[in-house]
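The values are calculated or read from the model by the stated rules, or taken from the named source; none is laboratory data. Predicted model, so just to flag it, every value in this text is computed and none were measured. Note that each Cβ is placed from the backbone with ideal geometry, even for glycine, and that neighbours are counted across all protein chains shown. Remember, those area values only see protein heavy atoms, side chains included, never the ligands or the DNA or RNA. Shrake-Rupley method; radii C 1.70, N 1.55, O 1.52, S 1.80 Å.
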Amino acid sequence: MTEEFDVQLPAYSRGFHLITESIKNEMGDLPKSGLVNIFIQHTSAALTINENYDPSVREDMAAISDNLVPENASFYTHTMEGSDDMPAHFKASIMGSSITIPIRNGQLALGTWQGIYLCEFRNRAGGRKLLISILS
Amino acid sequence: MTEEFDVQLPAYSRGFHLITESIKNEMGDLPKSGLVNIFIQHTSAALTINENYDPSVREDMAAISDNLVPENASFYTHTMEGSDDMPAHFKASIMGSSITIPIRNGQLALGTWQGIYLCEFRNRAGGRKLLISILS
Amino acid sequence: MTEEFDVQLPAYSRGFHLITESIKNEMGDLPKSGLVNIFIQHTSAALTINENYDPSVREDMAAISDNLVPENASFYTHTMEGSDDMPAHFKASIMGSSITIPIRNGQLALGTWQGIYLCEFRNRAGGRKLLISILS
């Protein structure tokens, strides 16, 4: 059985942002067990799970991404939407458009140090829409 | 409840290819809500979701992949299957072997600009087999 | 309907390790059809699916990861937990924290050459905990 709802995130600045609490607040009561899938309906932002404590991890995640997929590479052909656009598409695919998290004892069964990240790859993005599906 | 079927894709050239319509045609009628998982049974090709409009995005995705994981790196030891093989394995893992997409109102709930990509990383691959599972 | 259980993996050395048989042994009998999700509750190790035969693929996967996300980059700010820690977080996100595999005929429907990898990115990690969810 699936329960479904949408989450409209506000606009975030370019970078990696911890959104675990926003997601939990939106989800309300969960079934005792199952799976949650969170899907982002965009191609220049992504979702991933990573360290939930030290903000320096999120800063370095962004810096590593930028270093790995630089702007203005000479071979880019898709350049009309700005220098941040094509790198954003690639980064979005390697991070992924959805995450799946088990539910145990009516809670998201994240590890002690795990949090949900919104990866915003555009310089000036609007809000992002997430679709949440709860399977039990 | 799960509904399942296979899709046999024809051989595609090396690169990123939009296969949204092929997938939709194969799936036929969907339940009103749920999730679709699409899984590729191969280790040198992958599935991802990205921009569905401008072919230059797909070209640049391939070029960035090639730039990131070059052929013939001096440290490769797995070289027997051709210079494109080991990079293909790595690219397949960072793109991913499956994608999960919500179903809403009996449709794949992709964002306006989202499409399903087959990422073919081999120079001369045969057809690829996908397993599709529909959860409702 | 979901069936769920945990797998406590022993400590593995840094590198990519084939764990398909360990997972199969833990899972016991599967339903005739459905999906399995395997989730790792950690942020410096990951799960992926890749080639199950030649150990040189696993060695090169690790070498490519290390080359792509080097230790001691001058711009890292998260350095307190050792030079392997920040690269481990990034590698974990691009590989992913969970994999989803279809079940067909009561078996994991992996392709002929597909196996499940534990990607251990720390030099001296303890055992890792996996949460397995079976949907049917």
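Regarding B:Asn52, is this residue modelled with pLDDT of 95 or more, open to solvent by 30 Å² or more (accessible area, probe 1.4 Å), touching a Phe, Trp or Tyr at 6+ places or on another chain (Cβ under 9 Å) and among the polar types (S, T, N, Q)? Criteria met by B:Asn52. Is it the case that some residue within region A:128-136 is more than 8 Å from chain C (Cβ to nearest Cβ) and open to solvent by 30 Å² or more (accessible area, probe 1.4 Å)? Looking through region A:128-136, at least one residue is more than 8 Å from chain C (Cβ to nearest Cβ) and open to solvent by 30 Å² or more (accessible area, probe 1.4 Å). Return the total of residues in region A:48-96 being farther than 22 Å from C:Ser97 by Cβ and β-branched (Val, Ile, Thr). Summing the residues that are farther than 22 Å from C:Ser97 by Cβ and β-branched (Val, Ile, Thr) in region A:48-96 gives 2.
Exactly one residue out of B:Phe16, B:Phe5 is open to solvent by less than 50 Å² (accessible area, probe 1.4 Å), touching a residue at least 24 places away in the same chain (Cβ under 8 Å) and over 23 Å from A:Lys91 (Cβ atoms), and it is B:Phe5. Pairing each residue of region A:84-113 that is over 19 Å from B:His17 (Cα atoms) with any residue that is of a type in the set (D, E, K, R) and part of a helix (DSSP H, G or I), provided the two are 6+ apart or on different chains, yields C-beta distances under 9 Å for A:Gln107/A:Lys24; A:Leu108/A:Lys24. The conditions of being of a type outside the set (Phe, Trp, Tyr), touching a Pro at 6+ places or on another chain (Cβ under 8 Å) and crowded, with 22+ Cβ neighbours inside 10 Å are met by B:Pro87.
Among the residues of region A:28-43 satisfying the criterion of being among the hydrophobic types (A, V, I, L, M, F, W, C) and more than 11 Å from A:Leu131 (Cα to Cα), which is surrounded by the fewest Cβ atoms within 10 Å (Cβ to Cβ)? Within region A:28-43, the match that is surrounded by the fewest Cβ atoms within 10 Å (Cβ to Cβ) is A:Leu30. Of all residues in region A:12-31, one or more are part of a loop (DSSP other than H, G, I, E, B), modelled with pLDDT of 95 or more and among the aromatic types (Phe, Trp, Tyr). For region C:60-79, the condition of being in contact with a helix residue (DSSP H, G or I) (Cβ under 8 Å, 6 or more places away or on another chain), within 30 Å of C:Asn105 (Cα to Cα) and of a type in the set (A, V, I, L, M, F, W, C) holds for none of the residues. Checking each residue in region B:93-105 for being of a type outside the set (S, T, N, Q) and open to solvent by less than 20 Å² (accessible area, probe 1.4 Å) picks out B:Ile94, B:Met95, B:Gly96, B:Ile99, B:Ile101, B:Pro102, B:Ile103.
Scanning region B:68-98 for residues that are more than 9 Å from chain C (Cβ to nearest Cβ) and closer than 30 Å to B:Leu35 by Cβ returns B:Ala88, B:Lys91, B:Met95. Looking across region B:64-84 at every residue that is among the hydrophobic types (A, V, I, L, M, F, W, C) and surrounded by fewer than 19 Cβ atoms within 10 Å (Cβ to Cβ), the one that is nearest to the chain's Cα centre (by Cα) is identified as B:Leu68. Annotation: of all residues in region C:103-114 being within 17 Å of the chain's Cα centre (by Cα) and closer than 18 Å to C:Phe39 by Cβ, the one that is nearest to the other protein chains (Cβ to nearest Cβ) is C:Leu110.
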